Amino acid sequence: MKFVFDLDGTICFKGQPLSEGITSALEACIENGHEIIFASARPIRDLLPVLPETMRKFSMVGGNGAFVAQNGETIEVTAFEAEIVEAIQNIISAYQLPYLVDSDWDYAYTGSEAHPIYQNLDPLKLAKKVALQDLKDIVKIVLFPGEHLHELLVELKTLPISIYEHTSENIVDMSPNGIDKWNGLTKLGIAEGDFIAFGNDANDASMFVKAKESVCVGEHKVRELASLQVSSEEAAVIEMLQTLSEKYK
């Protein structure tokens, strides 16, 4: 069986790398004959640092599906169309919004250094922070709406893009039209009903509805789509992983 894991808030917490306990549980899952895949909102650049080196060449989906990597190589990157980027830039200017914009590797950031997103941004210093106009092939956009959330969502929803609102962090996360984690998994050759999904947020919904079993970590709205639920305690996640690993052995 294939086991697909979101990272933040699912198997890694507060931006920290995978713990020894989670890593050991994943290794035991592999020993039972299963394949581990990671599917995160983070671009591949920021996904790798939280993983042990032994797992950095596993198949993975980054940027909510915009990045797909296999055997340590990025095999596909889906970028926004130029006219969509221009429309979003106009919205940014109109509301004077801070942002994080990712290309296939480098990024532009104008948000607060106190925001949790900044703490997880390129921790290994592998990329360059550049001006927005210097980025090519923009793949992922995060906006910090402040008090303009409602107006921002009204305007963004007129565009053909994928939108994820994260209320706990007060951010709006955008990907190119039709891009989501399930779309990314299909590019790895994964079939509907052929995997177990662990996640905790709206961007995991596309995986949950296609999985054989889906586990919501914590109390979140996406729980409505999951077949199973555990608390956001590491021990509970490990116990569920062990149970399913044995069940599908």
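Here's the yes/no breakdown for (1) in a loop (DSSP other than H, G, I, E, B); (2) surrounded by 15 or more Cβ atoms within 10 Å (Cβ to Cβ); (3) at pLDDT below 95:
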residue	(1), (2), (3)
ASN183	no, yes, no
ALA191	yes, no, no
SER206	no, yes, no
GLU219	yes, no, yes
GLU224	no, no, yes
SER232	yes, yes, yes
LEU244	no, yes, no
Check ARG45 against each of (1) open to solvent by 20 Å² or more (accessible area, probe 1.4 Å); (2) farther than 24 Å from PHE208 by Cβ; (3) within 14 Å of the chain's Cα centre (by Cα) and name the one condition it does not meet. (1)
Just for the range 8-26: of the residues that are of a type outside the set (D, E, K, R) and not in a loop (DSSP other than H, G, I, E, B), which one is nearest to PRO123 (Cα to Cα)? CYS12
From the set of residues in the range 165-180 that are open to solvent by less than 40 Å² (accessible area, probe 1.4 Å) and either in a strand (DSSP E or B) or without any contact (Cβ under 8 Å) to a residue 40 or more places away in the chain (or both), which is nearest to ASP201 (Cα to Cα)? HIS166
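Can you tell me which residue among LEU149, LEU126, LEU156 is open to solvent by less than 40 Å² (accessible area, probe 1.4 Å) and either within 19 Å of ARG45 (Cβ to Cβ) or of a type outside the set (Ser, Thr, Tyr) (or both)? Walk me through how you get there before you give the answer.
On the way: LEU149 fails: open to solvent by less than 40 Å² (accessible area, probe 1.4 Å); LEU126 fails: open to solvent by less than 40 Å² (accessible area, probe 1.4 Å).
The match here is LEU156.
In this structure, is THR74 within 25 Å of ASN183 (Cα to Cα) and either surrounded by 18 or more Cβ atoms within 10 Å (Cβ to Cβ) or in contact with a strand residue (DSSP E or B) (Cβ under 7 Å, 6 or more places away or on another chain) (or both)? Walk me through how you get there before you give the answer.
Numbers: within 25 Å of ASN183 (Cα to Cα): yes; either surrounded by 18 or more Cβ atoms within 10 Å (Cβ to Cβ) or in contact with a strand residue (DSSP E or B) (Cβ under 7 Å, 6 or more places away or on another chain) (or both): yes.
In short, yes.
Residues SER103, SER112: which one is among the small types (Gly, Ala, Ser) and farther than 19 Å from ALA41 by Cα?
Working: SER103 fails: farther than 19 Å from ALA41 by Cα.
Answer to the check: SER112.
The values are calculated or read from the model by the stated rules, or taken from the named source; none is laboratory data. Given the structure is predicted, the values throughout are model-derived calculations rather than measurements. Using ideal geometry, Cβ is built from the backbone for each residue, glycine included, and neighbour counts are taken over all protein chains shown. Areas reflect the complete protein model, heavy atoms only, side chains present, ligands, DNA and RNA absent. Shrake-Rupley method; radii C 1.70, N 1.55, O 1.52, S 1.80 Å.
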